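For reference, the structure is listed below as structure tokens.
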Amino acid sequence: MKHQKTMTDFKKLAVPGVRQLNPYIPGKPISELERELGIENIIKLASNENPLGPSPKAMKAIEKEMDELALYPDGNGFELKKVLAEKHQVGMDQITLGNGSNDVLVLLAEAYLSPDVSAMYSQYSFAVYPIAIQAVGAIHQMIPATTWEDERPLGCDLPAMKAAINEKTRMIFIANPNNPTGSFLHKEELYAFIKSVAEDVIIVLDEAYLEYASPEERVDGSLWLDEFPNLVITRTFSKAYGLAGFRVGYCLSNPEIANVLNRIRQPFNVNSLALAAATAAIGDEAFLARSMQVNASGMQMLADCCEQLGLRYVPSKGNFLLVDFGQDAMPVYQNMLELGIITRPVANYGLTNCLRITIGTETEMQRMVSVMEQVCG
Ligand SMILES: *Cc1c(COP(=O)(O)O)cnc(C)c1O
């Protein structure tokens, strides 16, 4: 059907927050680049996906689920919540499942934010926070990030965040490690910050990349849930567990917050294949260990390559590296596309000279390094 011109401005009819919303820009899909350039053997290092694919245990679990697809999923996600409760040593009533952790972030904004309160986040932090805040018309408090010269560049400036809290601040989003920069906060400073915040300000600690730090360096905020009733931890199966396509994530909170979120979530917000895959993936320690190992060595290759080419980067505890090309990064991005590698421009964050590069398999990183040398050498 052809689009009909109407007399009505439907954008104008939308609620005020939505009218001014800048939509999320995803990484370019492989199929799209194939169509555009007619090339094959494309590598996507643009969306922090797991280059090893999904956990084999997850794949096996969905096979069994296929016959049941005519039925609605378990709206309470009992099996998944049961293994999560065990893993995190929390009650099942402290878990909210989501269609990706993105879903949970949106639920938090819908449940707790409105035009008369504000939500805080750092400059250069996950693009979904401002979108979720904007959609409900709440006030943004974007706090400038630390500078390149800082000991931990382009990360949350916790003292500045603390100083900016006012009587309207209802929620604070912190990603640790942070995306798109990879910067991370240490346990002591993060703990002290959370402790210093009044209890009626909800702190959402987004730990999408938690698994990638070594056990000694890992900052696991879920251990603080008992102490801070205003703390919410979000986690995802999209990154280390390799299940981005299934869309499953969750948050841990006190039971009252979980109860509030449960009121507004869609009754079947996590599909049955995702539930089965995630439940099986949790127990796949071997897969997780292999993912960490591949990431660590790939990260080293890419960091070494940057050093050799004299490109600065943000030391990263995630599965990606933010690289500064010292010039507008778009031509670099284009050159890499033509050579079959999709990276992620971050100009929408104001980082016009940078690209975010996801760590791939060893073979993929070898190709990435040679493309970097070709494009930047
Ligand atoms: C990828 C990512 C998420 C999770 O996305 P899903 O919706 O779970 O796929 C959440 N937060 C950050 C910071 C991320 O980078």
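The values are calculated or read from the model by the stated rules, or taken from the named source; none is laboratory data. Since this is a predicted model, take the numbers as computed values, not measurements. In this analysis, Cβ positions are derived from the backbone assuming ideal geometry, glycine residues included, and neighbour counts consider all displayed protein chains. All accessible areas refer to the heavy atoms of the entire protein, side chains included, with ligands and DNA or RNA removed. Shrake-Rupley method; radii C 1.70, N 1.55, O 1.52, S 1.80 Å.
Mind checking whether some residue in the range 199-218 is among the hydroxyl-bearing types (Ser, Thr, Tyr), within 16 Å of the ligand (Cβ to nearest atom), in contact with a Cys (Cβ under 8 Å, 6 or more places away or on another chain) and closer than 24 Å to Asn99 by Cα?
Checked against the condition, which is being among the hydroxyl-bearing types (Ser, Thr, Tyr), within 16 Å of the ligand (Cβ to nearest atom), in contact with a Cys (Cβ under 8 Å, 6 or more places away or on another chain) and closer than 24 Å to Asn99 by Cα, the range 199-218 yields no hits at all.
It is to be established whether one or more residues within the range 79-95 are assigned to a strand (DSSP E or B) and either out of contact with any helix residue (DSSP H, G or I) (no Cβ under 6 Å at 6 or more places or on another chain) or of a type in the set (Val, Ile, Thr) (or both). Scanning the range 79-95 turns up at least one residue that is assigned to a strand (DSSP E or B) and either out of contact with any helix residue (DSSP H, G or I) (no Cβ under 6 Å at 6 or more places or on another chain) or of a type in the set (Val, Ile, Thr) (or both).
Take Asn178 and decide whether it is in contact with a Cys (Cβ under 8 Å, 6 or more places away or on another chain), in the same structural domain as Glu256 (by TED's automatic domain parsing) and either in a loop (DSSP other than H, G, I, E, B) or open to solvent by 50 Å² or more (accessible area, probe 1.4 Å) (or both). Yes, satisfied.
Cβ separations smaller than 6 Å between residues 6+ apart or across chains give the following pairs from the range 70-98 residues that are in the same structural domain as Glu256 (by TED's automatic domain parsing) to residues that are among the charged types (D, E, K, R) and open to solvent by less than 70 Å² (accessible area, probe 1.4 Å): Met92/Lys81; Ile95/Lys81.
Scanning the range 202-223 for residues that are of a type outside the set (A, V, I, L, M), within 17 Å of the chain's Cα centre (by Cα) and not in a helix (DSSP H, G or I) turns up Asp206, Glu207, Tyr209, Arg218, Asp220. Within the range 53-77, the set of residues being outside any helix (DSSP H, G or I) and surrounded by fewer than 17 Cβ atoms within 10 Å (Cβ to Cβ) comprises Gly53, Leu69, Ala70, Leu71, Tyr72, Asp74, Gly75, Asn76. Checking the condition open to solvent by 10 Å² or more (accessible area, probe 1.4 Å) and of a type in the set (Asp, Glu), which residue from Glu207, Glu211 passes? Just a single option satisfies the conditions, and that option is Glu211. Residues in the range 232-257 that are among the aromatic types (Phe, Trp, Tyr) and outside any strand (DSSP E or B) were compared, and the one that is nearest to Gly53 (Cα to Cα) is Tyr241. If you go through the range 125-166 and keep only what is within 16 Å of the ligand (Cβ to nearest atom), part of a loop (DSSP other than H, G, I, E, B) and open to solvent by 40 Å² or more (accessible area, probe 1.4 Å), you end up with nothing.
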